[in-house]
Amino acid sequence: TDGEGGQRFVAIIIGSDPFIFSRNVGRWVKEFKRSTAVEDTFLVTSPLRSEELHVWAHFAEFDPKNIIIDRDWKAHARGTNQDISFAIQSKINEIGNRDLLVVWGDPVPDDFDLHRFLEIAPRALNAISCYPINADDDKQRFSAHLTVHHSRVTQMETHETAPRLTTPSIYLIRNHSLQLVQSVDGNVNLLQHLIASTELHAISMRKEPLVSGSHIAVNHIEKAHEAIGISYARAGLLGNPSDGYNGKTISISLENFYAMVTVRQSRFVDLVPNLRYDREIFSSFDELATHTRLAGYYGGLRLLRATCTRFFDLCREAGRAPPGPFSMSYHSSIPFACGLSGSSAIITAAFRALMKFMGLGLSDLKLTRETLPNIILSIEKDELGINAGLQDRVIQVYEGAVFMDFGKQLMDTQGHGNYQQLDPSLVPQMYIAYLATPGGDSGKIHHNVKIRYQNGDPEVVAAMQKWASFASDGVTALANRNTALLADLMNQNFELRKRIFGAAALGEATLKMVSMAQELGFSAKFTGSGGAILCLHKEKLELPAEDEEKARQHFQNHGFGFVKVKIHTPDVSGSNPF
């Protein structure tokens with residue numbers, strides 16, 4: 001049967017703000033489920049939130065087929081009409097002859113009543129949500145004011161400096177207007193176009209009615225102050241693992257994989273669990289065990305908490321007030337426990353986000369670019385007890401390609417190594433192969449070698465010196481574009497690692513990847529502690545597309561990932577606080 005007043009709707013929730021979206025989507029879905037007028041509900045979001053929303057859908061008994069992934073998503077870059085047009089186009093067949101409700105993932109007001117909202121809406125006419133402006137309200141804090149006569153919107157006045165979004169929380173678009181909405185140019189304001197082209201009505205989000213001839217506000221939800229920090233995975237090109245033993249390394253920043261942390265103004269300090277890594281509720285014992293094997297025991301919240309604690313101390317030491325209440329959420333596309341520096345990427349991204357949130361530079365915290373990697377390493381080693389070296393933190397701060405010298409005299413006299421930025425264009429085309437399931441714990445892999453080094457074991461000490469020489473020779477090979485020498489150094493780097501650490505410590509699966517790469521004509525070495533390898537073809541500077549696809553399929557058939565390396569070049573625009 002038809003719903004309220006014989007109306008029939010398809011509801012689409014658009015996640016224009018991924019953080020708010022994940023926090024409030026459940027409330028909107030419940031509102032629509034309670035309404036007999038809303039027959040189908042769809043979610044539109046970016047790839048960043050797709051995995052988390054699928055986990056949410058499992059427990060909320062929401063059909064995952066109704067989650068629409070916008071692969072071309074660019075946050076805050078398109079505008080309302082493009083977002084709505086994408087949603088309509090994606091589900092035009094499902095919409096059929098029904099009307100459309102489009103909402104953003106804004107918080108739902110406590111006194112909002114969807115049944116009342118739909119009953120008030122004039123039949124066959126378009127409508128938007130709004131808020132009455134009281135005499136005591138500061139009108140400048142609203143992004144737009146609308147003038148209404150008998151609920152019809154007759155005029156819109158915008159305020160570009162207002163801290164609010166110009167998009168209403170709800171659009172009610174009648175079926176006969178769907179084509180009109182899709183045809184609106186991206187540079188045209190959708191609200192103004194609807195006011196001029198159709199009879200657009202305003203409906204209060206509150207129980208308080210609208211007064212004819214009055215001004216109303218388009219949006220009630222303030223756009224909170226926020227900052228986003230991003231840090232990329234890394235691959236050790238040569239010299240690792242000598243970075244933890246006063247050696248030398250070359251490392252590159254991988255744009256293929258990254259961690260992103262969002263800090264948003266809030267009423268409380270709120271560290272938001274990631275639904276992939278920080279799950280505590282499972283549908284079965286089997287799911288718990290499977291998830292733990294794939295995502296580990298700890299998740300990322302401990303990394304955020306340790307970073308915030310250390311950042312608080314730095315603010316106090318620098319005589320600066322710590323930030324006000326905020327929420328902090330994270331996302332990571334870096335394969336878990338594969339030696340691609342996923343943990344330090346989350347910490348570095350969180351540090352970046354906090355600095356941006358407060359509008360600080362390194363000097364404000366009495367830090368330099370050279371000393372910041374030490375701070376990030378101390379968060380892992382001192383706060384969390386994670387065994388690691390400086391290489392990962394240096395490349396994630398500097399980005400691009402970097403030669404690092406961690407000589408003992410340098411470390412003792414200046415407290416940090418010498419870090420030389422290299423031209424990323426000198427690095428030939430490389431590839432990463434990695435485990436589809438997690439590798440081992442790098443702390444355990446390093447443990448025995450660390451003890452031997454500290455005890456002065458001649459074999460381990462000599463190996464560290466040899467690894468350091470590989471990095472020095474690698475700088476020369478890159479400068480001369482000597483790919484054959486670079487490939488040979490990579491092979492030597494791996495063989496020495498296998499001899500010192502032992503095949504058992506390196507892991508059967510990672511050794512298999514190296515063997516497969518060598519069979520395909522690649523030189524190969526570990527990117528880090530294990531779980532991923534860096535590959536350079538010994539003969540072909542540019543691998544033909546058919547050979548590249550053949551290699552990818554070969555690795556995938558054995559359960560491994562395989563991607564072409566894209567080096568992330570440093571940000572020189574000044575927007576990167578590091």
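When the chain is fully extended, how far beyond the present Cα-Cα distance does Glu255 get from Met411, taking 0.36 nm per residue of separation?
Value of the extension gain: 53.2 nm.
Once you put a point 7 Å from the Cα of Thr569 and another 7 Å from the Cα of Thr290, both along the Cβ direction, what distance in nm separates them?
With each label placed 7 Å out from Cα toward Cβ, I get 4.4 nm.
Given H placed on each backbone N at 1.01 Å, which residues far from Val153 in sequence or on other chains put an amide H within less than 5 Å of it?
Amide H neighbours of Val153: Leu200, His201, Ala202.
Pop out the carbon and sulfur fraction of the accessible area of the range 265-395 as a percent, whole number, probe 1.4 Å.
53 percent
Summing +1 for each Lys or Arg and -1 for each Asp or Glu, what net charge is found among the other residues whose Cβ lies under 13 Å from the Cβ of Val10?
Here the charged neighbours net out to 0.
Amide H neighbours of Ala436 under 5 Å, counting only residues 5+ apart in sequence or on other chains, H built in-plane at 1.01 Å?
Gly561
Based on the mean of other Cβ atoms within 10 Å per residue, sort peptides 398-405, 381-388 so the most packed one is first.
By packing density, highest mean first, the sequence is 398-405, 381-388.
Would you mind putting 272-285, 363-376 in packing order, based on average other-beta-carbon counts within 10 Å, highest first?
Top to bottom by mean Cβ count within 10 Å: 363-376, 272-285.
What is the percent of Cα-Cα separations in the range 416-526 that go past 21 Å?
On the way: 2867 of 6105 pairs.
Percent of Cα pairs beyond 21 Å in the range 416-526: 47.
Collect residues whose amide H, placed 1.01 Å from N in the peptide plane, falls under 5 Å from the amide H of Lys525; neighbours closer than 5 in sequence don't count.
Leu534
Quick one: length gained pulling Gln454 to Asn482 fully straight, 0.36 nm per residue minus the C-alpha distance?
Result: 6.5 nm gained on full extension.
May I ask you to compute the full-extension gain from Lys381 to Arg499, defined as 0.36 nm times their residue separation minus their alpha-carbon distance, rounded to one decimal in nm?
Details: separation 118, 0.36 × 118 = 42.48 nm, distance 2.69 nm.
Extra length available between Lys381 and Arg499 comes to 39.8 nm.
Can you give me the distance in nm between label points at Val475 and His225, each placed 7 Å from the Cα along the Cα-to-Cβ direction?
4.2 nm
The values are calculated or read from the model by the stated rules, or taken from the named source; none is laboratory data. The model shown is predicted, which means the values in this text are computed figures rather than measured ones. All Cβ positions, glycine included, derive from the backbone under ideal geometry; neighbour counts span all protein chains shown. Ligands, DNA and RNA are stripped out before the accessible areas are found, and what is left, the full protein with its side chains, is counted by its heavy atoms. Shrake-Rupley method; radii C 1.70, N 1.55, O 1.52, S 1.80 Å.
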